[in-house]
Amino acid sequence: MPTNTEFCRRRQHLAEQMLANSICLIPAAQMVTRSRDTEYAFRQDSYFQYLCGFPEAQAWLAISNQANNPKSVNAHSVLFCADKDEEAEIWHGRRFGPNGAKKHFALDNAYSLDELDEQLLELLDGHDNLYFAQGHNADADELVFALLQALREAPKQSMQAPSNMVDVRPLLDEMRLFKSAGEIAIMRQAADISGKAHIRAMQSAKAGLNEYHLEAHIHHEFAMHGAKHPAYGTIVGSGVNACILHYTDNNQALNDGDLVLIDAGCELQGYAADITRTFPVSGQFTVSQGQLYQLVLDAQLAAFEQVKPGSTFKQVGDAAIKVLTQGLITLGLLAGSLRFNLDNKTYRQFFMHGIGHWLGLDVHDVGHYKIAGQDRPLQAGMVLTIEPGLYIAPDADVAEQWLGIGIRIEDNLLVTADGYDNLTQQTPKTISAIEALMTQTSLSKNIPTQVKSS
Ligand code: GLY
Ligand code: MN
Ligand code: MN
């Protein structure tokens, strides 16, 4: 978990960027009902998590930069959270309570949720601008609009509602796009755990198992390293299922001769890893599978070459697309010249998604890809995925040997001052490394555990 010093630094940085005499309100995530009397596993709102790390639902964070606030030195941070309650804690788990929260999370003040309306009215009063993520959380919108209305209707008490509402997201998104050393350390750990899970899936795969067995291995490995949840719905697609980009049924048998595509990453302390590997159920690629696999890998490595400060996501993607298109022509899946195929984007029938995305607290993390309509240059501290693929539909108009093959290879790269650092490089991905790992495993599975004496 980032330290309180880091949370304070983030709140201070936000306060410094807000217009003078502003207040920002950030609600925590809410519990969501899954079925009668049970809820989905709670996940904290990413903005709230980024600014204070308080782990409970039904809380609010307020940050003011009001210069004459008697209570504040710099960014004045106030939390509202549930009171301690012996009975409720027996049923639903421990709570910090306002006093515990103030102490543990280095806040200027903390109040009971019971005082939310009253205290927020006082806090909002006299600020010129309210920074808020309107439309992000319907219940939060309702409360904020009601408070503003109450302030506007209270001139006799000489209260003054902020006259400007400003979207806080652009400021926070830009901050979140650049990862601190602390965040990178956590993301490296999430990448390591996720890599171990992919290796275990490769070692466990064999015909006769089901896709859900590999999913179970992956999630078990995550959990055994303290990552209790995947960062997104795990994809285990064997055979033609690999051609469904967001396949999550994961309920079909694994067959010899098929590839299996696994897109899985754990969430650790709120941060996501996002790795895809594709490997043969049998441990050996067929010639056609190997040719397409090598092409996707070559495209990915060509994209990596472009990852450095000053390059754009478009340059990164174009490098991969050029390699993919040339390879598809060479293998006979596309006809005509490279120029013709690039101009007509013919690769899109086989590679229909983007080359990658920002990665952080959200798997598809926040941050603009363009600035003033122009592709933004990469900068040190950004973390992104590079994930080219080829998906040859079972009814595609190509030779039979390619039909139903789906391949994606996805890694997580930190942009550094002079290039990149591949956070997921420990997860095997060359044909020889994957085959060696899987052969080694199947050999060791056949070694008798006891030598019989004669
Ligand atoms: N796992 C989602 C993605 O690769 O974007
Ligand atoms: Mn991804
Ligand atoms: Mn992915």
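The values are calculated or read from the model by the stated rules, or taken from the named source; none is laboratory data. All of these numbers come straight from a predicted model, not from anything done at the bench. Note that each Cβ is placed from the backbone with ideal geometry, even for glycine, and that neighbours are counted across all protein chains shown. The area values use the complete protein model at the heavy-atom level, side chains included, leaving out ligands, DNA and RNA. Shrake-Rupley method; radii C 1.70, N 1.55, O 1.52, S 1.80 Å.
Quick one: give the max-minus-min coordinate of the C-alpha atoms of the chain along each principal axis, largest first, in Å.
Principal extents (Cα only, largest first): 87, 66, 40 Å.
Anything over 19 Å Cα to Cα? Flag those among 179/228; 179/308; 308/429, in the order listed.
Pairs exceeding 19 Å: 179/228; 308/429.
Run the reach check for residue 84 against aspartates and glutamates, Cα to Cα strictly under 20 Å, same-chain hits fewer than 8 apart removed. What comes back?
56, 108, 114, 115, 117, 118
Return the carbon/sulfur percentage of the accessible area of the chain, one whole number, probe 1.4 Å, all protein chains in place.
About 51 percent, which is the carbon plus sulfur part of the accessible surface.
Expressed in nm², what is the orientationally averaged projection area of the convex hull enclosing the Cα positions of the range 382-425?
On the way: hull surface 16.7 nm².
For the range 382-425, the mean projected area of the Cα convex hull comes to 4.2 nm².
Using every pair of alpha-carbon atoms in the range 226-296, split the distances into 5 Å bins beginning at 0 and state the percent of pairs per bin, rounded to integers.
4, 17, 23, 21, 16, 12, 6, 2, 0
Using the Karplus curve 6.51 cos²θ - 1.76 cosθ + 1.60 with θ = phi - 60°, work out ³J(HN,Hα) for each residue of the range 365-380 in order, rounded to whole Hz, and write x for Gly and Pro.
Whole-Hz 3J(HN,Hα) from phi for the range 365-380: 6, 6, x, 6, 8, 10, 10, 6, x, 9, 4, 7, x, 5, 9, 4.
Would you rank 407, 431 by solvent-accessible area, highest first, keeping every protein chain in place and using a 1.4 Å probe?
From most exposed to least exposed: 431, 407.
To the nearest 0.05, how large is the calculated FRET efficiency for residue 343 and residue 399 if R₀ is 22 Å and r is the Cβ-Cβ distance? Walk me through the numbers before you get to the answer.
Values: r = 24 Å, r/R0 = 1.10.
Taking R0 as 22 Å, the efficiency between residue 343 and residue 399 is 0.35.
Does the range 209-248 come out rounded, prolate or oblate by the C-alpha gyration tensor, with a ≥ b ≥ c the root eigenvalues, rounded set by a/c under 1.5 and, if not, prolate when a/b is larger than b/c and oblate if not?
It comes out oblate by the Cα gyration axes.
In square angstrom, what is the accessible area per residue of the range 1-128 with a 1.4 angstrom probe?
53 Å²
How large is the Rg to Rh ratio of the range 241-369 when both quantities use alpha carbon positions and Rh follows Kirkwood? Walk me through the numbers on the way to the answer.
Details: Rg = 16.4 Å, Rh = 16.6 Å.
Rg/Rh for the range 241-369 comes to 0.99.
Once you have the Kirkwood Rh of the range 317-454 from its Cα pairs, apply Stokes-Einstein at 25 °C and 0.890 mPa s and quote D in µm²/s. Please report the intermediate quantities before stating the final value.
On the way: Rh = 18.4 Å.
It diffuses with D of about 133 µm²/s by this estimate.
Convert 10 °C to kelvin, take the viscosity as 1.306 mPa s, use the Kirkwood radius over C-alpha pairs of the range 128-222 as Rh, and evaluate the Stokes-Einstein diffusion coefficient in µm²/s, rounded to a whole number.
88 µm²/s
Give me the one-decimal Kirkwood hydrodynamic radius in Å for the range 62-204, with the sum taken over alpha-carbon pairs.
On the way: mean 1/r = 0.0539 Å⁻¹.
When all Cα pairs of the range 62-204 are included, the Kirkwood radius is 18.6 Å.
Suppose all protein chains stay in the model; what accessible area per residue would a 1.4 Å probe give for the range 206-334, in Å²?
Dividing the accessible area of the range 206-334 by its residue count gives 37 Å².
Which trypsin sites (Lys or Arg not before Pro) in the range 314-373 pass both tests, a DSSP loop state and at most 15 other beta-carbon atoms within 10 Å? It would help to have the intermediate numbers written out before the result.
Working: sites: 314, 322, 339, 345, 348, 370; in loops: 345.
Qualifying residues, ordered by number: 345.
Compute the distance from the alpha-carbon center of the range 168-202 to that of the range 218-256, in whole Å.
For the range 168-202 versus the range 218-256, the Cα centre distance is 19 Å.
What are the lysines whose alpha-carbon lies under 17 Å from the alpha-carbon of residue 345, with same-chain residues fewer than 8 places away excluded?
314, 322
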